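Asker: First, the structure itself, so that you have it in front of you.
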Amino acid sequence: MNLPPSIQSLQARWAQLAAREKTLLGLAAGLVLTTVLWQLSLAPALATLRTADTQARLLDAQLQQMRTMQTQAQALQQQPTLGFDEALRALTLATQQTLGSTAKLNMAGDRASITLQGAPADALAQWLAQARLNARAVPAEARLTRAALPGAPGGVTWNGVLVMQLPTR
């Protein structure tokens, strides 16, 4: 079998090496091969094994959160349907109690338009939850701007218009 000249010259050079040099070159080649195998096969598997407990805890927390949300969604689905008038009363009450003078409620068909002027962020979040649960109202549109106000709780207020879809009449 004819070998390329470069391999033939390597074979000739190998034959001229002393036994000690051959042993050292063999050890070096073995070390390089072991390092390559470690980097390609064992190191990634060990890294995955080290982080598996943390990932499992994170996934368990996500699963628990999803189950909680599922329970909430099922509870919302099982609530009795609400008529338009009842939903409007609940939305009006929530607006007065939670947002007070920072919000103005206007009706147009089966949509409620809430104009906000300096509504605190915490109060708005609480109002949205009440509107969803008590009035069965869902946001249809939101044109809000965030305003930083040093005197407000949390330092943030909201201005703009929220349009909420109420149950049909």
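Asker: Residues in the stretch 79-92: is at least one out of contact with any Phe, Trp or Tyr (no Cβ under 7 Å at 6 or more places or on another chain), over 26 Å from residue 147 (Cα atoms) and of a type in the set (Lys, Arg)?
Answerer: Residues of the stretch 79-92 out of contact with any Phe, Trp or Tyr (no Cβ under 7 Å at 6 or more places or on another chain): 79-92.
Applying the additional criterion that residues be over 26 Å from residue 147 (Cα atoms) yields 79-90.
Going one step further and asking which of them are of a type in the set (Lys, Arg), we end up with 89.
Within the stretch 79-92, one or more residues are out of contact with any Phe, Trp or Tyr (no Cβ under 7 Å at 6 or more places or on another chain), over 26 Å from residue 147 (Cα atoms) and of a type in the set (Lys, Arg).
Asker: So residue 100 passes all but one of these: (1) touching a residue at least 60 places away in the same chain (Cβ under 8 Å); (2) on the phi > 0 side of the Ramachandran plot. Which condition number does it fail?
Answerer: Residue 100 satisfies every listed condition except (1).
This table checks each residue for (1) more than 26 Å from residue 135 (Cβ to Cβ); (2) among the hydrophobic types (A, V, I, L, M, F, W, C).
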| position | (1), (2) |
| --- | --- |
| 15 | yes, yes |
| 51 | yes, no |
| 58 | yes, yes |
| 72 | no, no |
| 78 | no, no |
| 93 | no, yes |
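Asker: Now, a different point. Does residue 60 fit the bill of being assigned to a helix (DSSP H, G or I), over 32 Å from the mean Cα position of the chain (by Cα), surrounded by 10 or more Cβ atoms within 10 Å (Cβ to Cβ) and not polar (S, T, N, Q)?
Answerer: For residue 60, the condition - assigned to a helix (DSSP H, G or I), over 32 Å from the mean Cα position of the chain (by Cα), surrounded by 10 or more Cβ atoms within 10 Å (Cβ to Cβ) and not polar (S, T, N, Q) - is not met.
Here is a yes/no grid of residues against (1) in contact with a helix residue (DSSP H, G or I) (Cβ under 6 Å, 6 or more places away or on another chain); (2) not assigned by TED's automatic domain parsing to the domain that holds residue 159:
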position	(1), (2)
35	no, yes
55	no, yes
61	no, yes
94	yes, no
100	no, no
110	no, no
124	no, no
132	no, no
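Asker: Against the condition surrounded by 10 or more Cβ atoms within 10 Å (Cβ to Cβ) and out of contact with any helix residue (DSSP H, G or I) (no Cβ under 8 Å at 6 or more places or on another chain), how does residue 16 come out, does it pass?
Answerer: Against the criterion (surrounded by 10 or more Cβ atoms within 10 Å (Cβ to Cβ) and out of contact with any helix residue (DSSP H, G or I) (no Cβ under 8 Å at 6 or more places or on another chain)), residue 16 does not qualify.
The values are calculated or read from the model by the stated rules, or taken from the named source; none is laboratory data. These figures come from a predicted structure and were not determined experimentally. A quick note on method: Cβ atoms are made from the backbone with ideal geometry, for glycine too, and the neighbour counts reach across all protein chains shown.
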